[in-house]
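Engineer: For reference, the structure I am asking about is given below.
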Amino acid sequence: MYRFLLSRQWVILTLVALVLIPTMIKLGFWQLHRHEHKVALNTVISDSLAAKPVAAESLTAPGQLIKHDDLYRRVTAKGHFDTAHEEVVRRRTNADGEVGYHVLTPFVLDDGRVLMVNRGWVPADGAQTAFPKIPVPARGEITVTGRLMADQTTADSGIKNVKGLPDRQVMLINSEQQARRLGRQVLGGYIEQTAPRPKGDSPELIPDPEHSDIGPHMAYAIQWWLFSAGVPVGWVILVRRERRDRAEAAATEAAPETATAGV
């Protein structure tokens, strides 16, 4: 009755179904983990932004990785900007989706160590091989406030750290690379400046990250699991339909033979 299941077509179909079920289950858990990561990150961002600013030196040091719970934490530092060694980070967009640069300026602390500061976004006017025009920051000793960020890497961002870029242009913000370039001690990570605000609103300060939306990952997880449950159900329906069609075909073939025998 079910010998057709041993045919080449049905063996292949069954094997495909057996592969699809665990694959879809795995994809569902992958989306679930993304959902959990997003929820946890939103909690970290919310707690960090709500906390009072602390000294940057209390959360990071040269060669130190930024702890996950310290991401986006508001920190302060006292010192002065070193615009002579300023760089820009290529292919960065603002809130309107315009492509430009992030301005990366060393901030020299009172003890001589350096904190890298992302001062914000400027447009890419003209050829991208030329260094853009950037308004100068406040001169002299100041106190800067910003959100503490982890070093950017290719593994985390997917952005390749391309070599042979135009002078004073980089793809990623990385404190170890900056330490080698400057020949100085650079605190791990960097900060996105929030204060003082630049005159004329340029560079554009980077806005606080969105942390209210958890995304569609949970819905996708449920969707994949429903798909995985639908595969065996669909397989059973196809088997029953095939069995019924074969039975009807056999009955049709037998009917003429019965009629002939009666004559």
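The values are calculated or read from the model by the stated rules, or taken from the named source; none is laboratory data. Nothing here was measured: the structure is a model prediction, and the numbers come from that model. Cβ sites come from the backbone with ideal geometry, for glycine too, and all protein chains shown count toward neighbours. What goes into the accessible areas is simple: the full protein's heavy atoms, side chains included, and nothing from ligands, DNA or RNA. Shrake-Rupley method; radii C 1.70, N 1.55, O 1.52, S 1.80 Å.
Engineer: Could you check how many residues of the range 168-197 are under 26 Å from I45 (Cα atoms) and either touching a Phe, Trp or Tyr at 6+ places or on another chain (Cβ under 7 Å) or open to solvent by 70 Å² or more (accessible area, probe 1.4 Å) (or both)?
Structural biologist: 4
Engineer: Let me ask another. For the range 139-167, enumerate the residues that are under 24 Å from R197 (Cα atoms), in a loop (DSSP other than H, G, I, E, B) and open to solvent by 50 Å² or more (accessible area, probe 1.4 Å).
Structural biologist: R139, E141 - these are the residues of the range 139-167 that are under 24 Å from R197 (Cα atoms), in a loop (DSSP other than H, G, I, E, B) and open to solvent by 50 Å² or more (accessible area, probe 1.4 Å).
Engineer: Would you mention how many residues in the range 71-96 are farther than 18 Å from T60 by Cα, open to solvent by less than 50 Å² (accessible area, probe 1.4 Å) and part of a loop (DSSP other than H, G, I, E, B)? Give the steps one after another, and end with the answer.
Structural biologist: The first filter runs over the range 71-96 and keeps only residues farther than 18 Å from T60 by Cα, leaving 80-96.
Within this subset, residues satisfying the condition of being open to solvent by less than 50 Å² (accessible area, probe 1.4 Å) are 81-82, 86-90, 92, 94.
Pick out the ones that are also part of a loop (DSSP other than H, G, I, E, B) and you get 82, 86, 94.
Residues that pass the stated criteria total 3.
The rows are residues; the columns are (1) among the polar types (S, T, N, Q); (2) within 18 Å of F107 (Cα to Cα); (3) touching a residue at least 40 places away in the same chain (Cβ under 8 Å).
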residue	(1), (2), (3)
L27	no, no, yes
N42	yes, no, yes
S58	yes, yes, no
L71	no, no, yes
A77	no, yes, yes
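Engineer: Exactly one condition in (1) open to solvent by 30 Å² or more (accessible area, probe 1.4 Å); (2) without any contact (Cβ under 8 Å) to a residue 60 or more places away in the chain is not met by G100; state its number.
Structural biologist: Of the numbered conditions (1) open to solvent by 30 Å² or more (accessible area, probe 1.4 Å); (2) without any contact (Cβ under 8 Å) to a residue 60 or more places away in the chain, the odd one out for G100 is (1).
Engineer: Look at R34 and say whether it is on the phi > 0 side of the Ramachandran plot and of a type in the set (K, R).
Structural biologist: Here the answer is no, as R34 does not meet what is asked.
Engineer: Considering each residue of the range 110-123, count those that are within 18 Å of I142 (Cα to Cα) and without any contact (Cβ under 8 Å) to a residue 60 or more places away in the chain, and give that number.
Structural biologist: 2
Engineer: Just checking, how many residues over the range 200-254 are under 30 Å from L49 (Cα atoms), open to solvent by 70 Å² or more (accessible area, probe 1.4 Å) and modelled with pLDDT of 85 or more? If you could, list the steps in order and put the result at the bottom.
Structural biologist: From the range 200-254, those under 30 Å from L49 (Cα atoms) are 200-221; that's our starting set.
Checking the rest, the ones that are also open to solvent by 70 Å² or more (accessible area, probe 1.4 Å) come to 200-201, 204, 207-208, 210, 212-214, 220.
When the remaining residues are screened for being modelled with pLDDT of 85 or more, the result is 204, 207-208, 220.
Number of matching residues: 4.
Engineer: Then there is this: Going through R119, R91 one at a time, which residue ends up being under 27 Å from Q185 (Cβ atoms) and of a type in the set (K, R)?
Structural biologist: Details: R91 fails: under 27 Å from Q185 (Cβ atoms).
Step by step, each of R119, R91 is checked, and only R119 is under 27 Å from Q185 (Cβ atoms) and of a type in the set (K, R).
Engineer: Any chance the range 116-126 includes a residue that's surrounded by fewer than 16 Cβ atoms within 10 Å (Cβ to Cβ), over 28 Å from H68 (Cα atoms) and over 25 Å from the mean Cα position of the chain (by Cα)?
Structural biologist: Yes, because at least one residue in the range 116-126 is surrounded by fewer than 16 Cβ atoms within 10 Å (Cβ to Cβ), over 28 Å from H68 (Cα atoms) and over 25 Å from the mean Cα position of the chain (by Cα).
Engineer: Right, something else. If you take the residues in the range 1-14 that are free of Cβ contacts under 8 Å to residues at least 24 places away in the same chain and open to solvent by 100 Å² or more (accessible area, probe 1.4 Å), which one is nearest to V231 (Cα to Cα)?
Structural biologist: Result: Q9.
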